[in-house]
Number of protein chains: 2
Amino acid sequence: MRMSRFFLPILKETPKEAEIVSHRLMLRAGMIRQQAAGSYSFLPLGKRVLDKVCAIIREEQNRAGANEILMPTIQSADLWRESGRYDDYGKEMLRIEDRHGRDMLFGPTNEEMVTDIFRSSVRSYKDLPLNLYHIQWKFRDEVRPRFGVLRSREFLMKDAYSFDIDYESSKTAYDRMFVAYLRTFQRLGVKAIPMRADTGPIGGELSHEFLILASTGESGVFLHRDYLEMETPGEGVDFNDAAGLAKVVETWTTPYAATEDMHEAGTFDALPEADRIAARGIEVGHIFHFGTKYSEPMNAVVTGPDGKDTPVFMGSYGIGPSRLVAAIIEASHDEAGIIWPKSVAPFDVGLINMKPGDADCDAACEAIYAGLTAAGQDVLYDDEDTRAGAKFATMDLIGLPMQVIVGPRGAKSGEAELKNRATGERTAVPLAEIVGRLSA
Amino acid sequence: MRMSRFFLPILKETPKEAEIVSHRLMLRAGMIRQQAAGSYSFLPLGKRVLDKVCAIIREEQNRAGANEILMPTIQSADLWRESGRYDDYGKEMLRIEDRHGRDMLFGPTNEEMVTDIFRSSVRSYKDLPLNLYHIQWKFRDEVRPRFGVLRSREFLMKDAYSFDIDYESSKTAYDRMFVAYLRTFQRLGVKAIPMRADTGPIGGELSHEFLILASTGESGVFLHRDYLEMETPGEGVDFNDAAGLAKVVETWTTPYAATEDMHEAGTFDALPEADRIAARGIEVGHIFHFGTKYSEPMNAVVTGPDGKDTPVFMGSYGIGPSRLVAAIIEASHDEAGIIWPKSVAPFDVGLINMKPGDADCDAACEAIYAGLTAAGQDVLYDDEDTRAGAKFATMDLIGLPMQVIVGPRGAKSGEAELKNRATGERTAVPLAEIVGRLSA
């Protein structure tokens, strides 16, 4: 992509309204724009990251056997009256009346709707286990939305829902998503720690949230040092091996880990001092096991092997992709801007032409651009006629993993500079070797 | 994908509420489920088609130089007050009040919001031309939603918005999208004819809608036979060649073509009888040129080469991907079910194991499944223990382009049957040749 054709409205000033670093950087890098309180547009650079985050989430959901669907954003209040949550949910629910005076709402979550899909089409235990997920916009009318897309009112959520014949199978479904989440966060380039959690308005008796460690995180967390070295299951993990999954979950839930609200100082302080980590974290995923909380009132039953109807056991599993974009920045940035993990970077390489119009620079850049593109690399080519200082600052700000810097002297003598954004390391490399080095 | 792990709730009965064939077939094939009046979930089979439709639309928008963004669904009423449309829009707009009593709305379209993005970040004619698009859910509160996803209240829309310095450039932007639309519909496997259209609540003086010809279409259309043989620009079309684009548009708008409301019987009847086609069509795209209708009241100006501020010239360009899924079915089905064009088929191949549990059948199917998957084909493998008749009916109903049928006798003697869904042609093929035949 040529920068001259890419809509990248970089802000020179730091926006006053942004209280935290990810919000500031996303605004400055032209990734988002605020449209109303707690409501943001994703501009092209932000959209590319959001898409990459969603693609990884989707791949890992599919790998774990979940089926992707897409439910509407607007729901009928009647469904929520069946579960009893229409009155319980409070003011965070955006309630709407349609032209015929029917009560509707913008879905803050989808337990009722997916239970309705289930009960209308599944009759027998033979069709289980089943896990349905979607990636769809949600709305929660927070009193005071803040922190940009980290806590917005309208946000994207991946929510999965599992259906099983009994407690044991549904615990395996829970473990399956637990493991899929570990894999997802690792692939997103962040360290996420599972912690026991309250179940809040979703309900149920078993719940974990996943928190990314980031010094600017919203809540304090306390954990055993073992988590930092713990191994995430590989691509070959067998999602049908209930015992194997349970073992992974046990490993990842045995050492101490807790958010402020669930913290037991006594237990934590009993750990050897060298093992205690007090840090800050950002919630990026939350999983719930709630058994028959929705299936009983909504009459979502299946016929078991014994011929008897039994309410289905359920869990739900959420990740916020739009929130994750910000959380990744909180965990990975420096003074100059964002440092994207390779897996979610909006482009792989930033190519800087220091002097557009200079024949050597133009020729070298065009060759590198064509070569990298042919090698499957996504390149943002800064072909614009702006000051060198501004070019460097912009490229650092938007945080692409690698930069290629082509100046007139180097281009003449057959050289360009490679810069690693994370380490800052710069290397002079012959022009002919650039493509090979970056595609290796 | 193994059918035993794929959520495919096929209906045996034809649902009574469905008045048109695409609605019936989408319900029967387990592609969608109604959640409220005019509101549908896309189930896995439907979601796969929707994704393919969106991917093609996206590719052609990007090829034409448009930048993808993502605006929120909920908008502030204040923006719409600036353009004057808040009061004009009528009851189709879903109006919402948030917890603080602020007037919001579920966007039926995004001219105001995108104009706001533009005015906040673009200052100079040097940053033009610009085209921003997104694919996002819209809501229009129709009095009587019907016909399934063909006319639902909540629907997916790709809407693009062009910004140019003067009328001439903005006409080129219009032509660019016109040509991108021709390419998009051709790739989707449908014949779409551009026709002059009213501009309705969007406004402006130049507008075309694109209609798919389908015998079950909602409106009558009248066109010159020439359209049926007209050539669509190829992948190499130059979107920077204003004259070339204008020529394509001229070719595609010169022969007679009109919907009922714009029909001039006199002009049409003057054509030679052999050239007159009276048919039915379904609107699947609509493009508008409206100049400064929004930029003037909203003060979206750029500095021109002369240093003076001038309101930007705009157009907007819509395609409904969710509606298209239904429209494609209207244009491509038979008594037995859907016949997907290859480019949007939810899977490339349906593999039927006639007797799961039979060692020869299982071995042959597993080998074909693995071979096709390795060759990059998307296969739906019917590995379920159901009656042969039901298997055939389901596979025809869901309309995958090719079927592979493996029965016990064939499997033993080393043969399977290939069936072309569109033609019904069946061919016996040695097992060893199946993968090669289907991947060619």
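Determine whether region A:37-48 contains at least one residue that is within 8 Å of chain B (Cβ to nearest Cβ), among the small types (Gly, Ala, Ser) and under 24 Å from B:Tyr40 (Cβ atoms).
no
Which of the residues that make up region A:74-91 are within 16 Å of A:Asp141 (Cα to Cα), of a type outside the set (Val, Ile, Thr) and at the interface with another protein chain (Cβ under 8 Å from one of its Cβ atoms)?
Matches in region A:74-91: A:Gln75, A:Lys91.
Step by step: first the residues of region A:13-40, then only those that are within 17 Å of the chain's Cα centre (by Cα) and of a type in the set (Ser, Thr, Tyr), then the one that is nearest to B:Thr73 (Cα to Cα). Which residue is that?
Here the residue is A:Tyr40.
Can you give me the number of residues within region A:379-396 that are within 31 Å of the chain's Cα centre (by Cα), open to solvent by less than 40 Å² (accessible area, probe 1.4 Å), touching a residue at least 12 places away in the same chain (Cβ under 8 Å) and over 20 Å from A:Glu433 (Cβ atoms)?
Counting residues in region A:379-396 that are within 31 Å of the chain's Cα centre (by Cα), open to solvent by less than 40 Å² (accessible area, probe 1.4 Å), touching a residue at least 12 places away in the same chain (Cβ under 8 Å) and over 20 Å from A:Glu433 (Cβ atoms) gives 6.
When you check A:Val249 against the structure, is it under 22 Å from A:Asn131 (Cα atoms), part of a helix (DSSP H, G or I) and open to solvent by less than 70 Å² (accessible area, probe 1.4 Å), yes or no?
Against the criterion (under 22 Å from A:Asn131 (Cα atoms), part of a helix (DSSP H, G or I) and open to solvent by less than 70 Å² (accessible area, probe 1.4 Å)), A:Val249 qualifies.
Condition first: in a strand (DSSP E or B), under 28 Å from the mean Cα position of the chain (by Cα) and more than 7 Å from every other protein chain (Cβ to nearest Cβ). Now tell me which residues in region A:113-142 satisfy that.
A:Asn131, A:Tyr133, A:His134, A:Ile135, A:Gln136, A:Lys138
Do we find a residue being in contact (Cβ under 8 Å) with a residue 24 or more places away in the chain and farther than 28 Å from B:Arg323 by Cα anywhere in region B:241-263?
yes
Would you mention how many residues in region A:264-289 are without any contact (Cβ under 8 Å) to a residue 24 or more places away in the chain, assigned to a helix (DSSP H, G or I) and not acidic (Asp, Glu)?
3
If only one of B:Gly376, B:Gly424 is touching a residue at least 60 places away in the same chain (Cβ under 8 Å) and exposed (fewer than 12 other Cβ atoms within 10 Å of the Cβ), which one is it?
B:Gly376
Looking only at residues that are of a type in the set (Asp, Glu) and part of a strand (DSSP E or B) in region B:147-170, which one is farthest from B:Gln34 (Cα to Cα)?
Per the criteria, the residue is B:Asp164.
With the requirement that a residue be surrounded by fewer than 22 Cβ atoms within 10 Å (Cβ to Cβ) and touching a Leu at 6+ places or on another chain (Cβ under 6 Å), what does region B:157-170 give you?
B:Ile165
With the structure loaded, tell me whether A:Arg58 is of a type in the set (Lys, Arg) and facing another protein chain (nearest Cβ under 9 Å) or whether it fails that test.
Answer is no for this residue.
Which ones in region B:146-156 are surrounded by 21 or more Cβ atoms within 10 Å (Cβ to Cβ) and either among the β-branched types (Val, Ile, Thr) or closer than 20 Å to B:Gly90 by Cα (or both)?
Across region B:146-156, the qualifying residues are B:Val149, B:Ser152, B:Arg153, B:Glu154, B:Phe155.
What number of residues in region B:290-315 are outside any loop (DSSP other than H, G, I, E, B) and among the hydrophobic types (A, V, I, L, M, F, W, C)?
Of the residues in region B:290-315, 5 are outside any loop (DSSP other than H, G, I, E, B) and among the hydrophobic types (A, V, I, L, M, F, W, C).
Look through region A:299-332, keep the residues that are open to solvent by 10 Å² or more (accessible area, probe 1.4 Å) and in contact with a Pro (Cβ under 7 Å, 6 or more places away or on another chain), and return whichever of them is farthest from A:Met157 (Cα to Cα).
That would be A:Val301.
Only residues in region B:130-145 that are within 11 Å of A:Asp98 (Cβ to Cβ) count as the first member; pair them with residues that are open to solvent by less than 20 Å² (accessible area, probe 1.4 Å) and of a type in the set (Gly, Ala, Ser), Cβ under 6 angstrom, at least 6 apart or cross-chain, and list the lot.
Listed by first residue and then by second, the contacts come to B:Pro145/B:Gly38; B:Pro145/B:Ser152.
Looking for something more than 23 Å from the chain's Cα centre (by Cα), at pLDDT 95 or above and not polar (S, T, N, Q) - is there at least one such residue anywhere in region A:341-350?
yes
If B:Thr232 meets every condition in (1) open to solvent by less than 60 Å² (accessible area, probe 1.4 Å); (2) modelled with pLDDT under 95; (3) over 30 Å from B:Ser83 (Cα atoms) apart from one, which number is that one?
Single failed check for B:Thr232: (2).
Does A:Arg5 satisfy being within 11 Å of chain B (Cβ to nearest Cβ), free of Cβ contacts under 8 Å to residues at least 12 places away in the same chain and farther than 30 Å from A:Asp98 by Cα?
The answer is yes for A:Arg5.
Need the failing condition index for B:Glu335 against (1) under 22 Å from the mean Cα position of the chain (by Cα); (2) open to solvent by 10 Å² or more (accessible area, probe 1.4 Å), just the number.
For B:Glu335, the exception is condition (1).
The values are calculated or read from the model by the stated rules, or taken from the named source; none is laboratory data. Keep in mind it's a predicted model, so treat the numbers as computed, not measured. Quick reminder, even Gly has a Cβ in these numbers, built from the backbone with ideal geometry, and neighbours come from all protein chains shown. Ligands, DNA and RNA are stripped out before the accessible areas are found, and what is left, the full protein with its side chains, is counted by its heavy atoms. Shrake-Rupley method; radii C 1.70, N 1.55, O 1.52, S 1.80 Å.
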